[in-house]
Amino acid sequence: PMVRAVCLLDTDSHELLDAQLGDYGCGELTLAADLRGLDHSITLFDRAYFSAAFLLDWSQAGEQRHWLMRAKDNLRYEVEQTLGEGDRLIRMPVSPRARQLRPELPTHWQARLIEVNAGGKRRRFITSLLDPHRFAATSLAQLYRQRWEIELGFREIKQSLQHNHTVLRSK
């Protein structure tokens, strides 16, 4: 039997804050929509969670609920304002399909696009943290590196479920 799990973990302690389990045929975004995020926090998402509906809902479901993720290579956007070198306020279209499913969604939504050099590579991030004075681009790029702590947390969960026997495989 296969189950899909979507978890919200604290990157410092690896504490499991919330989890949603579902049939393997259920999509991650569907399960993630029911996660209980924390107010006054920033959630690090994988690029698979890029969805205007999901990210807008995430931000509006609580007080000061922000997100940060790597930008997709094919990100469609218009620059609204240049905030600094490699730091822009952008406007992105909401897909017609998303608006068909959720007519209350706006035609466009706003985020911040950050481009930094990391390890000799150009990395792009998008975030709901729009204020460049409170949230420096380089600090946000460094923060995203903590996303890999999530993978360590998943490994710990899988090992404890197996009582340190063979680790579960995942896709």
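The values are calculated or read from the model by the stated rules, or taken from the named source; none is laboratory data. Since this is a predicted model, take the numbers as computed values, not measurements. Cβ atoms come from the backbone with ideal geometry, glycine included; neighbour counts cover every protein chain shown. Note: areas computed on protein heavy atoms with side chains; ligands, DNA, RNA excluded. Shrake-Rupley method; radii C 1.70, N 1.55, O 1.52, S 1.80 Å.
Some points to look at:
- Most mobile listed residue (Trp67, Trp58, Trp109) in the chain, GNM with C-alpha springs under 10 Å: Trp109
- Charged-residue dipole, Cβ positions (Lys, Arg, Asp, Glu), the chain about Cα centre, Debye nearest 20: 720
- Against the criterion of solvent-accessible heavy-atom surface with a 1.4 angstrom probe, Leu143, Leu55, Leu101 sort, most first, into Leu101, Leu143, Leu55.
- Binning the alpha carbon pair distances of segment 8-97 at 5 angstrom intervals from zero yields the distribution 3, 11, 18, 24, 20, 13, 8, 3, 1, expressed in whole percent.
- Scaled against 2.2 N^0.38 Å for its residue count N, the alpha carbon radius of gyration of the chain is 1.10.
- Scattering profile of segment 1-59 at q = 0.26 Å⁻¹ [log10 I(q)/I(0), Debye over alpha-carbon scatterers]: -1.24
- For the chain, share of DSSP beta bridges that run antiparallel, in % to the nearest 5: 85
- Of the residues Ile114, Ser139, Ser59, the one whose Cα sits farthest towards the positive end of the charge dipole of the chain is Ile114 (charges of +1 on Lys and Arg Cβ, -1 on Asp and Glu Cβ, taken about the Cα centre).
- Note on the chain: GNM, Cα springs under 10 Å; of Phe135, Phe125, Phe50, the largest mean-square fluctuation is that of Phe135.
- Angle between the chain longest axis and helix 147-161 axis [Cα atoms, degrees, rounded to 10]: 10
- Distant alpha-carbon pairs in segment 51-133 (separation over 15 angstrom), percent: 60
- In this simple spin-label approximation, Arg134 and Ala98 carry label points 7 Å from Cα along the Cα→Cβ vector, and these lie 2.3 nm apart.
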